[in-house]
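Okay, so here's the structure we're looking at.
The values are calculated or read from the model by the stated rules, or taken from the named source; none is laboratory data. Given the structure is predicted, the values throughout are model-derived calculations rather than measurements. Here the Cβ positions follow ideal geometry from the backbone for every residue, glycine too, while neighbour counts run over all protein chains shown.
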Amino acid sequence: MTEYPKTTYVGKYAADDSFKLAKFLRILRKRWIVIAAMAAAIFAGNTYYVFTRTPLYKSSAALLINNSTIAVSDIQIPGLPSSSAINLGTEVGILRSRPLIEIAISKMRESPSASAYKDIDAGQIMQGLEIIPERNALILRLVYTDSDPKRAREVLNALSQTYVEYSLSDRRTKSSTAIKFIQEKLPQIKQQLDKSALAVTQFRKTYNIVDPETYAASVYSMREALEKQAQDLQIRIAQVQQQYEIIGRQVGKTPEAAISGAILQQDTPYQSLVKQFQEVETNYFLERTRFREDHPNVVALKDRRDELYRLLEVRAQSVVGRRGGLSNLANEPNSEIQQTLATQLFEAQTNLAVSQAQLESIRNAQSEVAAVFSQIPQIQQRFVEIQRQLALDTATYNKLTEKLEELRISEAQEISSWRVLEPPLIPIRPSSPDIERGLMTGAIAGLALGILAALLLDKLDQRIREVEEVKELIDIPLLGSIPITDVTSLSAVIGQGILPSSNYYAFKESLSALALNLRYLGTDNMVKVLAFTSSVPSEGKSTLTYNLAIILATLGYKVLLIDADLRKPTVHKLSKLSNKMGLSTVLATPTPWQDVFQIGDEKGNLHIITSGSLPPNPMLLLESTKMAALFQEWRQQYDYVLVDTPPVIGIADAQCLTSKVDAFILVAAINRSTRSGISKALEVLENARANVSGLLINMIGESDSDYHYGYYDQYYYLNPADRQEQDPEEVKTEVS
């Protein structure tokens with residue numbers, strides 16, 4: 001069995017709801033009657049409304065708004081706004097209030113022409129009054145609409161005068177309220193100010209300072225000076241200590257002994273006792289050389305020596321404050337160098353003691369200064385707080401005093417801060433109705449509503465009206481567009497000797513173009529078996545299939561036309577052939593198909609197999625292997641095999657042939673097919689894996705000029721005289 005390659009293309013529903021100008025214009029062209037009717041009705045109604053309305057006149061005035069209150073700084077005063085800026089929205093609401101309007105009505109009724117305004121009331125004025133704030137300006141535009149132009153001006157005059165008087169009264173009222181508030185508040189502020197000033201004075205007395213900042217700077221300077229003095233003394237103590245140690249080593253004695261000796265060397269009584277002691281001791285040792293120890297001279301000298309030694313100790317203790325070691329001091333030579341060194345050692349010791357005492361005093365002073373310095377932040381914070389409070393109370397008191405004087409001046413003024421910038425005039429032309437604008441608005445509104453109605457109808461109407469709609473819905477190629485015609489068979493027209501109409505020629509030419517397009521469905525005649533189907537019945541599928549077969553046979557192709565609609569067959573009616581035996585006979589019985597087909601044209605190129613008797617279950621026959629084998633055999637013997645199948649929606653017969661034919665061609669009829677139907681048909685064919693190679697649009701009207709073959713009229717549709725002269729035989733020759 002030879003397999004023929006098939007294209008893998010399957011058409012899909014591709015609805016696009018986005019705005020497209022071409023689609024929009026197409027809807028306008030298709031629904032122009034609806035648009036025209038809607039626009040005409042609305043325009044007529046609007047025209048009647050415009051010409052039957054009572055004319056209204058508008059008078060306007062401008063009011064300059066100045067600030068009607070005195071700003072009292074940042075202090076919130078009851079009766080006064082918190083900001084000096086004017087809230088125009090609030091002012092407009094006040095001016096539109098009923099009490100002010102009733103005051104204006106009273107003024108109008110007191111005028112000489114009061115009789116003309118006896119019927120006017122506040123509600124009527126509120127309804128016709130407009131107060132419009134000017135942008136970026138303190139100006140209010142007053143607009144009043146009335147059927148009487150003079151009354152419109154008088155109403156605005158009364159309102160303007162009332163508003164100016166209201167401004168002056170409001171100014172005085174607010175000034176009086178503010179004055180009363182400030183007078184009540186000033187004693188409290190003054191008391192608070194005195195309290196704040198007393199707090200500053202008590203602070204200075206408590207801490208004995210005038211300015212904490214200056215005090216902090218002086219304490220800091222003192223702390224730095226003490227630190228420097230302590231460092232200098234430490235350096236001096238180190239130097240004196242080093243000097244003291246060097247001199248002590250040079251003296252050769254302990255520092256205490258050397259210092260004591262140096263002191264005693266300077267004491268005259270001590271030195272006199274030393275000399276006496278030395279003389280007595282010398283005599284004592286001399287006498288011992290001559291006499292014995294118990295000799296009276298020796299004993300006397302010894303006693304004298306001991307007495308002098310005791311006196312030396314007493315004197316040394318009184319001079320240097322210690323005892324002992326006098327024998328060495330008395331016996332040592334009293335040299336000048338030792339005396340000098342001892343003096344220097346004494347001075348060094350004295351300087352060292354003085355420096356250490358000074359350092360101790362500085363340390364104590366540093367501790368006291370540090371304690372004072374640590375308290376400075378708290379002192380500063382306290383001073384800042386009471387100083388801030390004093391400044392705040394002072395500023396508040398000064399501002400209230402200043403504003404009190406301003407308010408007293410404002411209260412005494414007799415001139416309103418508002419004034420009429422532009423007085424009202426008597427309007428000449430009515431503001432309503434504006435005939436030109438009303439007619440234009442009616443025309444535009446009618447056209448817009450008509451277009452909206454057309455778009456809504458197009459959205460609700462699922463029927464296909466033009467070829468472009470189908471092309472926008474699905475993405476499969478358009479193989480042909482067939483015009484609407486009353487011709488069911490091309491051969492029947494000529495066979496009966498009927499003179500063809502222009503629709504006949506347009507129908508014939510469109511089918512001829514379709515026959516030529518079939519050559520491009522595949523390469524090397526690979527697409528030969530074509531099945532024709534539609535979404536729903538009555539779309540002209542069978543008529544197209546039969547007449548296409550006639551065209552292909554006329555072109556010299558060997559064509560087999562099969563009526564596979566085993567439920568409601570039509571081909572035998574179009575071809576005027578017998579339907580006793582047909583496709584069902586071949587599939588259900590051993591009868592060969594060669595015994596069933598019938599000749600459909602004079603040349604013998606068109607063979608037709610009708611449906612035959614209707615079987616109880618057509619799907620079983622179409623799904624059979626014998627059907628597949630027949631298609632393979634027909635594919636070998638014919639140039640084209642055209643299969644007329646039932647609609648795909650609701651009937652599964654056409655789906656049985658998807659694997660047996662080379663391609664499916666979907667037929668859609670204008671004004672009969674629906675968007676949902678086409679979408680469903682493509683979905684069914686896609687699920688059955690059908691190869692949908694193209695689309696045929698049938699029953700195209702003359703309004704769709706882009707796809708209708710009406711231009712053939714100039715060639716085929718003759719005038720009545722020419723039609724009478726033309727022989728039907730010539731027509732037959734022309735068609736063939």
Flagged in the range 597-619 as under 27 Å from Val648 (Cβ atoms) and buried (at least 20 other Cβ atoms within 10 Å of the Cβ), in numbering order, are Phe597, Gly600, Leu606, His607, Ile608, Ile609, Thr610, Ser611, Gly612, Pro618
Residue count for the range 129-172, restricted to those that are acidic (Asp, Glu), under 46 Å from the mean Cα position of the chain (by Cα) and surrounded by fewer than 16 Cβ atoms within 10 Å (Cβ to Cβ):
2
State all residues of the range 591-638 that are free of Cβ contacts under 8 Å to residues at least 12 places away in the same chain and among the hydroxyl-bearing types (Ser, Thr, Tyr); if no residue qualifies, say none.
Thr591, Thr625
Kindly provide the set of residues from the range 553-581 that are crowded, with 22+ Cβ neighbours inside 10 Å and either on the phi > 0 side of the Ramachandran plot or among the aliphatic types (A, V, I, L, M) (or both), ordered by number.
Ala553, Val559, Leu560, Leu561, Ile562, Ala564, Leu566, Val571, Leu574
Looking at the range 530-547, which of the residues that are part of a strand (DSSP E or B) and of a type in the set (Gly, Ala, Ser) is nearest to Ile484 (Cα to Cα)?
Ser534
Could you tell me which of the residues Glu281, Glu287, Glu224, Glu256 is at pLDDT below 80, under 27 Å from Val354 (Cα atoms), among the acidic types (Asp, Glu) and part of a helix (DSSP H, G or I)?
Glu256
Matching helices (runs of 4 or more DSSP H) fully within the range 644-736 where at least 1 residues are modelled with pLDDT of 80 or more and among the aliphatic types (A, V, I, L, M):
675-687
Leading residue by the ranking (farthest from the chain's Cα centre (by Cα)) among those in the range 352-404 that are surrounded by fewer than 16 Cβ atoms within 10 Å (Cβ to Cβ), among the small types (Gly, Ala, Ser) and at pLDDT 80 or above:
Ala357
Identify, please: which residue in the range 1-59 is of a type in the set (S, T, N, Q) and surrounded by fewer than 18 Cβ atoms within 10 Å (Cβ to Cβ) and is, among those, modelled with the lowest pLDDT?
Thr2
Single residue of the range 405-427 satisfying the filter (part of a helix (DSSP H, G or I) and either among the acidic types (Asp, Glu) or over 22 Å from Ile182 (Cα atoms) (or both)) that is modelled with the lowest pLDDT:
Glu411
Based on this model, can you work out whether Asn687 counts as polar (S, T, N, Q) and either closer than 19 Å to Pro537 by Cβ or in contact with a Leu (Cβ under 8 Å, 6 or more places away or on another chain) (or both)?
no
So which of Val240, Val210 ends up being farther than 30 Å from Ile65 by Cα, surrounded by 12 or more Cβ atoms within 10 Å (Cβ to Cβ) and of a type in the set (Val, Ile, Thr)?
Val240
